[in-house]
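S.K.: Below you will find the structure I want to go over with you.
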Amino acid sequence: MRPLSRESILDALANFDTSPFGTQVYYQPRLGSTNDLARDLAVQGAPEGTLVIANEQTAGRGRMGRRWDAPPDTSLLMSIIFHPSLPVERSPRLVMACGLALAEACHELTSLPVQVKWPNDLQIGGKKVAGILAESAVSGEKAEWIVVGIGLNVNQVFEPGDPLWETATSLRMAGGNEYDRAAVLAQSMARLKSWYSRLEDEALTEAWRKRCVTLGQRIRVSTAAGELIGLAEDIDTTGALWLCDDSGRRHRLLGGETTLLYP
Ligand code: BTN
């Protein structure tokens with residue numbers, strides 16, 4: 001397998017029309033967090049589509065204050081800078097577009113059934129294979145910039161006893177092969193270009209719904225405001241989840257930690 005490098009990334013991107021994604025590429029073998037470098041670059045005015053990629057992170061961050069750890073040489077660890085024109089309350093659609101693009105690219109390259117899980121995860125066979133962390137600076141109705149950070153487990157092998165064994169997987173574990181991280185990245189950016197051009201289209205919501213493991217399921221959602229249990233009915237055009245609790249009350253949720261409660 002070709003090691004990840006700036007050259008391998010540029011070579012893979014050259015196979016597709018991904019512009020603006022990957023027009024500027026910052027690759028670092030070792031970095032604190034790609035989201036942190038991407039944020040600094042965004043503040044300095046780096047253009048939309050700038051990619052920050054690392055082979056290893058020493059301070060990778062997950063959602064809800066968690067860490068994101070991955071052994072070197074195994075993962076796709078990247079951040080994408082956006083300067084979107086959509087109103088800030090619709091910015092979760094960016095995460096939907098990124099998640100969908102990544103899921104489609106992974107499926108294309110591996111034939112695995114990759115699903116999206118509201119709000120920010122990808123999973124295969126009920127186990128998490130990728131997470132997305134979006135961070136932004138908002139001014140008035142618009143985001144000045146949004147950084148979407150993606151951590152995709154590509155070639156990890158979790159052993160029994162590993163804390164992630166029960167809950168996480170990788171493309172390699174699910175597919176039985178090692179995969180080229182640069183190829184996954186380039187294919188994802190080609191898909192993202194396509195979805196980003198249709199960010200406000202119903203087609204994005206529809207495609208996301210079709211790939212979603214959450215909808216129609218009984219779920220528990222933990223939020224800063226507490227915990228809710230009920231049926232995940234639908235997502236709306238802003239990316240919010242509508243949950244109907246056991247007393248029939250409907251809740252519009254903007255984020256949280258979701259657990260599927262199988263009967
Ligand atoms: C989650 O909690 O599921 C989101 C995980 C996001 C991890 C990625 S790895 C690349 C980018 N840089 C970070 O520090 N975090 C994101």
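S.K.: Out of all the residues in the range 192-236, which are closer than 30 Å to GLU108 by Cβ and of a type in the set (Gly, Ala, Ser)?
M.R.: Result: SER194, SER197, ALA203, ALA207, GLY216, ALA232.
S.K.: Right, something else. Inside the range 21-44, can you point out the residues that are part of a loop (DSSP other than H, G, I, E, B) and in contact (Cβ under 8 Å) with a residue 40 or more places away in the chain?
M.R.: Hits for the range 21-44 are PHE21, GLY22, SER33.
S.K.: I would also like to ask the following. Looking at this structure, is PRO47 in contact with a His (Cβ under 9 Å, 6 or more places away or on another chain) and either more than 15 Å from the ligand (Cβ to nearest atom) or outside any loop (DSSP other than H, G, I, E, B) (or both)?
M.R.: yes
S.K.: Now for a different question. Taking the condition modelled with pLDDT of 95 or more, touching a Cys at 6+ places or on another chain (Cβ under 6 Å) and closer than 21 Å to GLN24 by Cβ, does VAL148 pass?
M.R.: In short, yes.
S.K.: Still on this structure, please answer the following. Within the range 22-44, is there a residue that is assigned by TED's automatic domain parsing to the domain that holds SER194, surrounded by 14 or more Cβ atoms within 10 Å (Cβ to Cβ), more than 16 Å from the ligand (Cβ to nearest atom) and β-branched (Val, Ile, Thr)?
M.R.: Checked against the condition, which is being assigned by TED's automatic domain parsing to the domain that holds SER194, surrounded by 14 or more Cβ atoms within 10 Å (Cβ to Cβ), more than 16 Å from the ligand (Cβ to nearest atom) and β-branched (Val, Ile, Thr), the range 22-44 yields no hits at all.
S.K.: Specify which of the listed residues (GLY149, GLY140) is in the same structural domain as PRO92 (by TED's automatic domain parsing) and out of contact with any Ser or Thr (no Cβ under 6 Å at 6 or more places or on another chain).
M.R.: Unique residue meeting the criteria: GLY140.
S.K.: Next up: Show me the strands (runs of 3 or more DSSP E) entirely contained within the range 117-225 in which 1 or more residues are surrounded by fewer than 19 Cβ atoms within 10 Å (Cβ to Cβ) and of a type outside the set (Gly, Ala, Ser).
M.R.: Strands (runs of 3 or more DSSP E) meeting the threshold: 127-139, 142-153, 218-223.
S.K.: What are the residue pairs meeting all of these: first residue in the range 62-73, first residue part of a helix (DSSP H, G or I), second residue more than 7 Å from the ligand (Cβ to nearest atom), Cβ atoms under 7 Å, and 6 or more apart or on different chains?
M.R.: So the pair list comes out as MET64/GLU257.
S.K.: Out of the residues in the range 74-98 that are more than 9 Å from the ligand (Cβ to nearest atom) and part of a strand (DSSP E or B), state the one that is farthest from ALA183 (Cα to Cα).
M.R.: This residue is PHE82.
S.K.: I'm trying to understand the selection: among the residues of the range 230-263, which are surrounded by 15 or more Cβ atoms within 10 Å (Cβ to Cβ) and in a loop (DSSP other than H, G, I, E, B)?
M.R.: Hits for the range 230-263 are THR238, GLY239, ALA240, GLY255, GLY256.
S.K.: If you don't mind, there's one more thing I want to ask. Could you figure out which of (1) within 15 Å of the ligand (Cβ to nearest atom); (2) more than 21 Å from ARG39 (Cα to Cα) isn't true of SER111?
M.R.: Condition not satisfied by SER111: (1).
S.K.: I'm checking my understanding of the structure. Among residues of the range 120-144 that are away from the ligand (no atom under 15 Å from the Cβ) and in contact (Cβ under 8 Å) with a residue 24 or more places away in the chain, which one is nearest to ARG61 (Cα to Cα)?
M.R.: ALA137
The values are calculated or read from the model by the stated rules, or taken from the named source; none is laboratory data. Treat the numbers as computed from the prediction; the structure is a model and nothing was measured. Note that each Cβ is placed from the backbone with ideal geometry, even for glycine, and that neighbours are counted across all protein chains shown.
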